[in-house]
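Working notes for the structure below.
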Amino acid sequence: MIAANYVTTSWRHIISNKLFSTINIMGLAIGIAAVILITLFVRDELSYDSFWSNADNIYRTHVTITPSARDPMRFVATPGPVMHALKKDFPQIEYAARYWTTEPTLIQEGKIFVEGITIVDADIINILDFNVLKGDLKSALSTNTGLVLNETLAKKYFDDTEPIGKVLTLDFNLFKRDYVVMAIIEDMPTNSQVDIKSMVLIVEEDWMKETWLFIQWRSMGAKLLYSLNPETDIQEINSQMPDFIDRNFPLQADNPTQKISSFFDIKSMNIKDFHLNAVGMGEDRVRGSMTTVITFSAIAVLILLIAIINFINLSTARASQRAKEVSLRKVVGASKKNLIIQFVGESIFLTLIGLLISLVIVELALPIYNEALGKELALSYGSSEIMLFLTFAFIVGVLGSFYPALILSSFRPAVVLKANKSLETKASVKLRMALVIIQFTVSISLFVSTAVIYGQMQFSKTIDLGYDEENLLVVRGIGRGSIAEKFPLLISEFRRIPNVQNVTWSNFVPGHVNENNASMRSDEMTREQALTMGTRRVGYDYFTTYGIELLAGRTYQLGRNDEAANFDEIRAGRGHRASIVVNQTALRTLQLGSPQEAIGKTIYSSVGAFDAEYEIIGVIADLHLESLRKTTRSEVYTLRTYNASAISIKYSGAPLSLIEDLRTIWQQEAGGIPLEYEFLTDAIAGQYQAEQGQATMLAAFSGLAILIACLGLYGLASFTAERRTKEIGIRKVMGANVFDIVKLLIWQFSKPVIIANLIAWPLSFYVMSHWLEGFVYRIESIAILWFCLLAGAVALLIAWTTVASNAISVARTNPIKALRYE
């Protein structure tokens, strides 16, 4: 009976105070919806690779190389021979397996496809528990002709027919073989950094010509997973790595006295940490960031705090209006406990309504949210989730109402009924202003953070990269099958396409990581003093095609002996002085003077125990070929007339006609191999895809925080204007005009916003300065100050607009009605 009375009273209170109830419910609904969305994201980020049955004992080796003259190079891959050495030296290791994903051409009944195939060691099935749907996984990986497909690939190539026993031909360029489908596995979960769609067995003899992959001690192709005995501490392994490296790695030919561990380091990381804590190139899937998880968790808490503050503010504000009700209830026998239960119950009732609305908001927002994040998040409505939602609503309701309930239940009936008016204490007013300050401090900080991230993203897009990325299309996969033999013909045919201005080739594409390096030295340096520099192989017209300006000298030209000799020629003593183009950082590193002074000088590259000799023919400015998070390294550009990995085409006019012309030529010459291409602007933008998604998220949640704060401010302004109706009437009788009244109310609410700015600015500057340090090339810190000023101005403008809309309405009220108020 009492509970029914509480519900009836709550509903009547909602109906009789539609404005305040709407603001309270919508503020809570928007806040809870934001919290649910962020929680879905955070939960997904923290769940990566935790589902493996032996996840606590699965590790991957990571490599850090610290060469001279450049930043450390980090890899999540490991030299191929390390696996055998680890198993030999560490009996604590139960199983170890390498895996490397490549894209051979796949031939099915004469049709040619390009497919990601993962080459694995057989023990991978003892480390990762694959869910086998059909066939025998162990048998498939015990022969060099067995093929494992996931469910998606099996559906793609065999539709509804039985895939087991079917034959697919894989052409890896080094060898071509028929493989028999022997097992079908379930698709790998999306919340895993390990992305295996298909598997064939590693047979090292098949890859002898590619010694860098499984046989070379400096190779960085395959990733290495291993499982430990449960009682083993990973620190036992990590602490012994320097000795392990020096004991097993071969000495350097050019510096045999140097310990390998002085610049080469291997550490192991648990599989559950890959997604948020791993560093280095070679990951299967896009990594997350623990900083991002912590940041958005904090944003969720702050948005919820703003929503709760709204509730407290409006509840304490309305408390004075409910003083007579409370006093009458006390007179007829209601205890303080009964009143607290009633008002907490009202709050929970409001929160439940807000929760229902928030679930609708979340369902409507999820498609857009997933697109921004590149995820497949979904809201579950299982029994445990329903209980979690209800518990969350209960906690929010209690947190938002406990203090107002204490205030309401503490009114003294004699004082209130004798006064026959609403009750308002100075403490309540000060509390509300303090809470408004907190709200706007959070909102302004989020606004500044969003502006800084957006500013950095724009800076990344507009910075002079040193080359012209517009109207460039890159054709990839030109080393497949018979295409490599037709490379000169393709170049010739592409040049004949209308609107094609230039065609060139290279072993890299801007926007993608390239870690090819060589030991370089000047005439004045010994072989032991050689420095590690990045090497990029380019074709004729590369610098012209990309609009790269020469600081001095010339570029590569037909008819000159610019190309370097190969290893066999150098070893036989038939090498010659080839040509080379270097960047400014390389000049400084090798101390070769100005660009003009460097032209004609000789530098040497170590090729095993021999040296390749180069004459510097050109100097270019430093190029930003990779992410702005990385410093520009010392780089040399050598001429390669064959065996490139990409063709770059500079064009004018519409790209669609160009693509059709390219496709026609490709189909004529490529023998059915699919055409792979991308626009260079897309490749460059892809480097910042994660930041772009996070910036979109942050902007959306910042907007929600500001909206919730404004809802609360509107409610407070409405209440304040209503409470001061008689005062406003008197002021108008005494001669005050509408502008005076509006100015009075605006100033009252401007003070907490100004204080919030003074708190938010230094806080935002500190946090965002630290965030910008992750970028080597970034906007100036002074820009943060300008964003702070902008945020302050916007916050004040929003506050003024919100308050003025109420103030003008009250200020225009007839003074006679105002004086009759109360």
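Of the peptides 743-751, 699-707, 33-41, the order by per-residue mean of other Cβ atoms within 10 Å, starting with the highest, comes out as 33-41, 699-707, 743-751. Note on region 474-532 and region 579-624: Cα centroid distance 18 Å, given to the nearest whole angstrom.
Using 0.36 nm per residue of separation minus the Cα-Cα distance, give me the extension gain between Leu550 and Ser289 in nm, one decimal.
Gain in length upon complete extension: 90.1 nm.
Residue pairs exceeding 27 angstrom between C-alpha atoms, taken from Lys223/Lys259; Lys87/Lys272; Lys111/Lys134; Lys111/Lys176; Lys138/Lys166; Lys156/Lys650: Lys156/Lys650. Cα-based values for region 51-124, radius of gyration first and Dmax second, are 17.1, 52 Å.
On the beta carbon distance between Leu797 and Leu377, with R0 = 51 Å, the FRET formula returns roughly 0.90.
Using only the Cα atoms of region 480-571, construct the convex hull and provide its projected area averaged over every direction, in square nanometres to one decimal.
If I average the Cα hull's projected area over directions, I get 9.3 nm².
The distance separating the Cα centre of region 251-281 from that of region 107-124 comes to 30 Å. Computed with every protein chain present, the accessible area of Lys166 is close to 70 Å² [probe 1.4 Å]. Can you figure out the FRET efficiency of Asn499 with Leu675, using R₀ = 30 Å and their beta-carbon distance, to the nearest 0.05? Using R0 = 30 Å, I get an efficiency of 0.95. From the largest down, region 541-585 spans 38, 27, 15 angstrom on the principal axes of its Cα atoms.
Three principal axis extents describe the C-alpha atoms of region 116-187; from largest down they are 31, 30, 19 Å. Extension gain for Ile759 to Phe130 (0.36 nm times residue separation, less C-alpha to C-alpha distance): 221.2 nm. Here region 644-713 is described by how far its Cα atoms reach on the three principal axes: 68, 25, 22 Å, from widest to narrowest. Per residue, region 165-228 exposes an accessible area of 39 Å² to a 1.4 Å probe, with every protein chain left in place. Here the Kirkwood formula, the inverse mean of 1/r across different C-alpha pairs, assigns region 542-694 a hydrodynamic radius of 18.5 Å. The calculated FRET efficiency for the pair Gln667 and Asn370, based on their C-beta separation and a Förster distance of 45 Å, comes to about 0.80.
Using the Stokes-Einstein relation with a Kirkwood hydrodynamic radius computed over Cα pairs, the translational diffusion coefficient of region 266-316 at 4 °C and a viscosity of 1.567 mPa s comes to 94 µm²/s. Here region 421-559 is treated as a sphere whose radius is the Kirkwood value from Cα pairs; by Stokes-Einstein at 25 °C and 0.890 mPa s it diffuses with a coefficient of 114 µm²/s.
Rolling a 1.4 angstrom probe over region 217-272 with all protein chains present gives an accessible area of which 49% lies on carbon and sulfur atoms. In the calculated pair-distance distribution of region 451-491, the portion above 11 angstrom amounts to 75 percent of the Cα-Cα pairs.
Which percent of the accessible heavy-atom area of region 608-711 goes to carbon and sulfur, probe 1.4 angstrom?
55
Label zone (Glu660, point 7 Å along Cα-to-C-beta; backbone nitrogen cut-off 20 Å) within region 670-688: 675-679.
A straight line joining the Cα centroids of region 449-466 and region 658-702 runs 20 Å. Once the chain from Ile463 to Met525 is taken as fully extended at 0.36 nm per residue, the excess over their C-alpha distance is 18.8 nm. Based on the reciprocal of the average 1/r between different C-alpha atoms, the Kirkwood radius for region 608-685 equals 16.8 Å.
The values are calculated or read from the model by the stated rules, or taken from the named source; none is laboratory data. All of these numbers come straight from a predicted model, not from anything done at the bench. Note that each Cβ is placed from the backbone with ideal geometry, even for glycine, and that neighbours are counted across all protein chains shown. We work out accessible area using only protein heavy atoms, side chains counted, and drop any ligands, DNA or RNA first. Shrake-Rupley method; radii C 1.70, N 1.55, O 1.52, S 1.80 Å.
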